[in-house]
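K.L.:
Here's a structure for you.
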Amino acid sequence: MVPAALQDLLDAALDAVGGDPRHDLPAIHRLRIYRYVGSSNYLRGRWRHGQLAIAAAERALPVWRAARPDDPRAERLLDTARECLRADDLPDALAESAYKRGVDAWQWLMKILDRHRYLAGARRSEMIARLKPLEEDAPDRALWALAAVVVAVWAAAGGDWGDWWGATDSRMGPRDADPITNETLWDMADAARWAAFAVAGDPREGESDDAARLGYWRWWLAEAVPAAWASRQFARPFAALDDCLTAVVGVREQLALIAEELRALLEDERDLQRKMEETASRVALLEQHRRDVADMVGLLTELPRHIASAQEYGLHGP
């Protein structure tokens, strides 16, 4: 069972997946869900973000195993992520070690992906064989699975999730000049996104499995997110305080949105006041014109009498 507000976000996201031609989940919906789950700076938020990222990475792990059955780095990284989540008070040394292991794996997979981009359009297998032994390569989907694992390690280690996939608080701020859309947040590289790539391929490319992508996102929304929300009851005394702090973050964000809406309403009120003043000035001007026309009509009405008087004076004058 999840809160009604979170369920509303999940329902909206599910509708978006169904309505997308490639059954992809727009980044803006994922971002809203992450923000509701809570800040990763607090214990409960870190646990939920980490648990959700690990679940996505585990979903993609078979893709890595199929491509590199003798390479244990993904499993070892996931073990590190789980170790981080087992610690209520995460030691700095463990967090730093986890982050470094993730960076090492990320650098390796980025090197392979860069090489794939360089060789795009060529006979990839033959050219890679000339550059490096084939056992050092991996299909794109396997690399995306490893990317999901790396991001899961970083999430479990308590890093601010906004720092590493281009979706920081400033980009979600209500004063942001650019609208937040799936396009502006396309590179929001959370573990769920990398896992979707691993399971179904890149939706921007022709060789992707739309049905598999639909099934993946339905699982993520209907099972992974609710499970992460209710995944652990904390034994430590300050768990309730941690929840309160997470709630305060959400309230603060809502207050910021309300304040922005109030500023917009005040600006609308000022615009309306200016228009009312302009209308009043125009009404006064029209009233003056009406009086001028009435005076002219009065003069025109008296004109025949004045003409007759002038004529009579001319005939009978001295």
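K.L.:
Can you order the peptides 257-264, 189-196 by their average number of other Cβ atoms within 10 Å per residue, highest first?
P.N.:
Details: 257-264: 11.5, 189-196: 26.1.
By packing density, highest mean first, the sequence is 189-196, 257-264.
K.L.:
Would you mind ranking Asp140, Asp89, Asp71 by Cβ crowding within 10 Å, fewest neighbours first?
P.N.:
On the way: Asp140 19, Asp89 6, Asp71 15.
Fewest to most other Cβ atoms nearby, the residues stand as Asp89, Asp71, Asp140.
K.L.:
How large is ³J(HN,Hα), in whole Hz, for each residue of segment 75-86 in order, when computed from phi with the Karplus curve 6.51 cos²θ - 1.76 cosθ + 1.60 and θ = phi - 60°, using x for Gly and Pro?
P.N.:
Listing the rounded values in order: 4, 5, 5, 5, 4, 5, 4, 5, 4, 4, 6, 6 Hz.
K.L.:
I need the phi-derived Karplus couplings for segment 25-37: 6.51 cos²θ - 1.76 cosθ + 1.60, θ = phi - 60°, integer Hz, Gly and Pro marked x.
P.N.:
Along segment 25-37, the couplings run 9, x, 4, 4, 5, 5, 5, 4, 5, 4, 5, 6, 4 Hz.
K.L.:
Between Ser281 and Asp8, what is the label-to-label distance in nm when each label sits 7 Å out along the Cα-to-Cβ direction?
P.N.:
4.3
K.L.:
So for each of 293-300, 20-27, 48-55, 95-102 I average, over its residues, the number of other beta carbons within 10 Å; can you give me the resulting order with the highest mean first? Walk me through the numbers before you get to the answer.
P.N.:
Numbers: 293-300: 9.9, 20-27: 19.2, 48-55: 26.2, 95-102: 17.4.
The packing order, highest mean first, is 48-55, 20-27, 95-102, 293-300.
K.L.:
Report the FRET efficiency, 1/(1 + (r/R0)^6), for Glu83 and Lys111, where r is their Cβ-Cβ distance and R0 is 30 Å, rounded to 0.05. Before the final figure, lay out each step's value.
P.N.:
Values: r = 27 Å, r/R0 = 0.89.
In this case the efficiency is close to 0.65.
K.L.:
Would you please classify the overall shape of segment 3-53 from the alpha carbon gyration tensor, given that a ≥ b ≥ c denote the square roots of the eigenvalues, rounded means a/c under 1.5, and beyond that prolate means a/b larger than b/c while oblate covers the rest? Intermediate values should be presented prior to the final figure.
P.N.:
Values: a/c = 3.08, a/b = 1.96, b/c = 1.57.
It comes out prolate by the Cα gyration axes.
K.L.:
Using a simple spin-label model with points 7 Å from Cα along the Cα→Cβ vector, what separation in nm is obtained for Gln273 and Arg218?
P.N.:
5.5
K.L.:
If you don't mind, there's one more thing I want to ask. Let's test the formula: R0 of 45 Å, r as the Cβ-Cβ distance of Asp210 and Asp92. What FRET efficiency results, to the nearest 0.05? Mind dumping the intermediate values first?
P.N.:
Working: r = 44 Å, r/R0 = 0.97.
According to the calculation, E is roughly 0.55.
K.L.:
Can you sort Arg68, Arg213, Arg82, Arg291 from fewest to most other Cβ atoms within 10 Å of each residue's own Cβ? Could you put the intermediate results ahead of the total?
P.N.:
Numbers: Arg68 19, Arg213 22, Arg82 15, Arg291 10.
In increasing order of surrounding Cβ atoms, one gets Arg291, Arg82, Arg68, Arg213.
Since every read-out is calculated from the coordinates, none of them should be taken as a lab result. Please read these numbers as outputs of a predicted model, since none were measured by experiment. Don't worry about glycine lacking a Cβ; one is built from the backbone with ideal geometry, like all the others, and counts go over all protein chains shown.
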